[in-house]
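First the structure, in the form of C-alpha cells, and then the observations on it.
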Amino acid sequence: MINYHLIAFALGGPEVIAIGAVVLLLFGAKKLPELARGIGKASGEFKKAQNEFKHSIETAEEEAIKAEKESEESS
C-alpha cells in the first residue's frame, strides 16, 4: 500500500534546483556559505544527540537485563 502523505515530500532534481535558486535569491551569495555552515553544525549536533540517546537506551536495557538475571539467580 502506498503512503500518499510521503509522496508529497519526495523531491527530485528540478525541485531541489528550484529550492536552491529561491534560497540563493533570499539570502544572497555572501550569506549562503554561512547558512550552509550553520545547517551543517546543527545536523552534527542532532546526530551527536541521537547517538547519545541510543547509547543511553542501550545501557539502560543492558542494566535491566543484568538486574533481572541477578534477581533470578538470588531466588
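The values are calculated or read from the model by the stated rules, or taken from the named source; none is laboratory data. None of these values were measured; they are calculated from a predicted model. For neighbour counting, all protein chains shown are included, and Cβ atoms are generated from backbone atoms with ideal geometry for every residue, glycine included.
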Looking at E52, E73, E62, can you tell me which residue is part of a helix (DSSP H, G or I) and at pLDDT below 85?
E73
Can you run down the residue pairs with Cβ atoms below 9 Å, 6 or more apart or on separate chains, where the first is in the range 34-48 and within 16 Å of V23 (Cα to Cα) and the partner is surrounded by 10 or more Cβ atoms within 10 Å (Cβ to Cβ)?
E34/F27; L35/V23; L35/F27
Does L35 count as modelled with pLDDT under 90, surrounded by 10 or more Cβ atoms within 10 Å (Cβ to Cβ) and within 20 Å of the chain's Cα centre (by Cα)?
yes
Selection from the range 38-75 of residues that are among the basic types (K, R) and under 27 Å from the mean Cα position of the chain (by Cα)
K41, K47, K48, K54
